[in-house]
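This report concerns only the one structure given below.
Every number in this text was worked out from the coordinates using simple rules, so none of it is lab data. Keep in mind the model is a prediction, meaning the values are calculated, not measured. Backbone-built Cβ (ideal geometry, glycine too); neighbour counts: all protein chains shown.
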Amino acid sequence: MTLSRRECSTWPPRQWIFLPAATRGRLVFSRRVPESRNVTEHQSADVIVVGSGFGGAVAAARLAQSGFSVVVLERGRRWTPGSFPRRPRIDDGWLWGVDRGLYSIRWLGRMLTVQAAGWGGGSLAYANVFARPFDRAFDDRWPSRLRRGQLDAYYDLAAHMLGVSPVGIDPRIGRVPARTELIERHMQNGNRSDATMRPNLAVTFGDPDIWKPNKHGVLQRGCAFVGECVIGCNQGAKNSLDHTYLAVAENAGAMAVTDAQVTRIESRDGEYVVTTTTPSDAASPQRTWSAPRVILAAGAVGTTELLLRSRDVHGTLPRLSSQLGAGFSGNGDFLTLAELKTPQGDMSTGPTITTSTIVDVPEGGRSVWYQVQDGAFPRAVHDLLDAVMPATRARAWWRRRRSAIHDRRRIFTVLAMGHDSGNGTLRLNRFGSVTLDWRNRWQSHLYRSQRRIGPLLERLLRARLYNPFTWSLLRRTTTVHPLGGVRSGENPDVAVVDEAGEVHGYPGLYVMDGAVLPASTGVNPSATILAVAERSVETLIRRAGNPEWRAPEWSDVMPSSVPEDRAALFAADLHASTRGGGVHFAERMLTEPSARSQVALMLTVEAASIDGFLTDPAHTLQVVGTVDAENIATGVAVRGTLSLFPDGRDEAMIYELQFTDDSGRELTLSGTKSVSSRTPLGLLNGLTRLRVTIQPADAVGDSQPDHEMVIGWRDLVSLLTSIRGRGFTRSRRLRTVTRFAAFFVRSAVTRPPVRARR
């Protein structure tokens, strides 16, 4: 079965959705709550929700379910499957600033932000990833109430609402996407397979031709694997908020008001008056809405800007904390474009993101933690950039890239995100628009480490990587995950809102979106915004007089899988076990030709962590290789340890190796090297001769050496030239080798000769 991209445009009549019958549990047709466009000049409700993204959708659903009358004000339009832009025309609904399109792109000084506009907010154009942050990568900016211990149950609730699962089988080819196979295969070859996982995705997998109601009663089809998640899903397979939380909200009676841009909030007579304009018709009169409770969920930038204007321009909320705008983060986002040098399947297919790889490495004097994700690069975006790339330098940059790309199926994106400084400050410029003060030096380690992923992936995947022109030409970072600006805490001296998101000094005014997160999450933040909003709105409802209230879906919630935890733990353990970098070398030893029986050892010796090796009193290295022993074993695998200049021992080196002989017996090969003289010739002689005993593994007591093996001149040269460091950067690899060599030389020349000790 093959689906064209235009076959994703079919959609049932827009005015109908499936809704569950409240009393019988059966499915019935119900008319969608109509959007209010020609409303009266002023309307009231129990709660006004500003924004329909991840925080606003949760608030609207839960408040409506608990019995409040709810109005949701959304500046964008209602997008339905088949209506998202695809033509390479800038006026085809791509940009908010052109024709109220899907993407809202803003320059904030040193950072570019990209967000979505429409009923469903960022969920319309995000990459579907539902990921929980790794607690051990957090710092003290994250209080316990925002950590996994207290939020995991709410993550499970949000996962249930969105219906998440890892990437499934592409029904057209009967296997996972080629991009998924590529990443997993090469990470396996790079010994990082356990750090790579398939994250949970808010996508419906199944038959791409059949419409079925989801658990919330909304009709959806299975994923068609066209790789267009981030430009709006015309297939109807994305479990975006309009298909989940917002459907629940409308079913419970919430009123959706699209095409309503909030411009002003005023506290008046125990209520809040919200003023809106109509973006599609600048001549339309302003409208006002009032409610005793208002939930701000317009995104980190939009919410903070609205509050800043209310305090500093309109003067309607003058008591807002002086901390407003502080603590802004770009979530450590860094985006590059990859092009495979050889065909390896169609990289443009599948959900946008199918794998995540956790990276936990040293950089400078600190540790850097982030994740790297593959991403489909939609052909429609390629065509659009081809047609509308602005500015001479940008066009020249794109044409150079385009001329080098002959097969778009080889192209995909690489998105990295980690922990940045989170010390940006949003403020208003002289025109009343928000801008960003940002000290970029703190996260130079993060950006430098993320940029080094490029050469690593180029070698691993045999690909060329290109940075976006915003970085290559302008040195400006881009974020699709803006966070912070509305700090939470106990009092207005240090925070804008309390732990439930209620604004200090303004009872009933809440913030429930990414603005309240104290720092970067290090992962895709949508799941955390959902979980925090679930907890906050539950607190609001209980404070409002319903102390035992819980979301109705709790009884159906089951703990969901958390594949990112396994990968993060592996990366953390790998970091700990390789601290300081590693070193390895190859060693070949043979008995003399005149010996009565011949033995040969071909070994690879490794210290995974130079720090661990140097602090270990036995200075143990791991050994693998093969052994040939005349009449005993022929080329069999051997493994064990080498103790190099162990503290408190006479011997310079102690080998303990195990192998199975040709008859199946378990044998032990034990050997020692000793220094009898500090003269150069004495050192060389002692460190290149190994006295060996081969005996059954269960033998009791020590035996006299029965073989003497030597490292010849050629093998010694090979050994010395085989010494290599292991680390994330070249400088770290060189430093590791230098530290190992310094230890070896110092230990060799300072260790008293065995004869002198006796």
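Overview of values
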{"item": "Helix 444-461 axis, angle to the chain major axis (alpha carbon atoms, nearest 10°)", "result": "70 degrees"}
{"item": "Summed side-chain charge close to ASN189 - residues other than ASN189 whose Cβ falls under 12 Å, Lys, Arg +1, Asp, Glu -1", "result": "+3"}
{"item": "Segments 72-80, 640-648 sorted - mean Cβ within 10 Å per residue, highest first", "result": "72-80, 640-648"}
{"item": "Inter-site label distance for ASN546 and ASP91 at 7 Å from Cα along Cβ, in nm", "result": "4.8 nm"}
{"item": "Under-5 Å amide H pairs with ALA544, H placed in peptide plane, nonlocal only", "result": "none"}
{"item": "Alpha-carbon centroid distance for the pair the stretch 507-581 / the stretch 598-661, whole angstrom", "result": "47 Å"}
{"item": "Ellipsoid semi-axes in whole angstrom, largest first, where each is sqrt(5λ) of the Cα gyration tensor of the stretch 579-757", "result": "26, 20, 16"}
{"item": "Pair ASP556, ARG430: separation of 7 Å Cα→Cβ label points (nm)", "result": "5.7 nm"}
{"item": "Residue-span extension gain [ASP386 to THR721] - 0.36 nm each, minus C-alpha spacing", "result": "115.6 nm"}
{"item": "Spherically averaged projected area in nm², based on the convex hull that wraps the Cα atoms of the stretch 112-209", "result": "9.9 nm²"}
{"item": "Dipole of the stretch 579-757 [Lys/Arg +1, Asp/Glu -1 at C-beta], most positive-end residue of GLY671, VAL599, THR738", "result": "THR738"}
{"item": "12 Å beta-carbon shell around THR435, net charge (K/R +1, D/E -1)", "result": "+2"}
{"item": "Potential extension, THR750-SER280 segment - 0.36 nm per residue separation minus Cα distance", "result": "161.0 nm"}
{"item": "Phi-based couplings in Hz for the stretch 571-583 (Karplus 6.51, -1.76, 1.60; Gly and Pro marked x)", "result": "5, 5, 5, 5, 4, 5, 6, 10, 4, x, x, x, 9"}
{"item": "Kirkwood-based Rg to Rh ratio, the stretch 560-612, C-alpha trace", "result": "1.36"}
{"item": "Hits among lysines - C-alpha to C-alpha of LYS215 under 20 Å, sequence gap 8 or more where chains match", "result": "LYS238"}
{"item": "Linear extension gain, ASP407 paired with GLU490, 0.36 nm per residue minus alpha-carbon span", "result": "24.3 nm"}
{"item": "Per-q log10 I(q)/I(0), the stretch 472-557, q = 0.23, 0.25 Å⁻¹ (Debye; single scatterer per alpha-carbon; no solvent)", "result": "-1.13, -1.22"}
{"item": "The stretch 97-156-the stretch 40-88 distance, computed between alpha-carbon centres (Å)", "result": "18 Å"}
{"item": "Two-site FRET efficiency, ARG678 against ASP152, from Cβ-Cβ distance with R₀ of 60 Å, rounded to 0.05", "result": "0.45"}
{"item": "Value of Rg/Rh across the chain [Cα atoms, Kirkwood radius]", "result": "1.08"}
{"item": "Whole-angstrom Cα spans of the stretch 675-747 along principal axes, big to small", "result": "46, 34, 24"}
{"item": "About the Cα centre, charge dipole magnitude for the stretch 579-757 (Lys/Arg +1, Asp/Glu -1 at Cβ), debye", "result": "1200 debye"}
{"item": "Expected 222 nm ellipticity per residue - DSSP helices of 4 or more, -39500 (n - 2.57), all of the chain, to 500", "result": "-7500 deg cm²/dmol"}
{"item": "Radius 12 Å from Cβ of VAL167, net charge of other residues (Lys, Arg +1; Asp, Glu -1)", "result": "-1"}
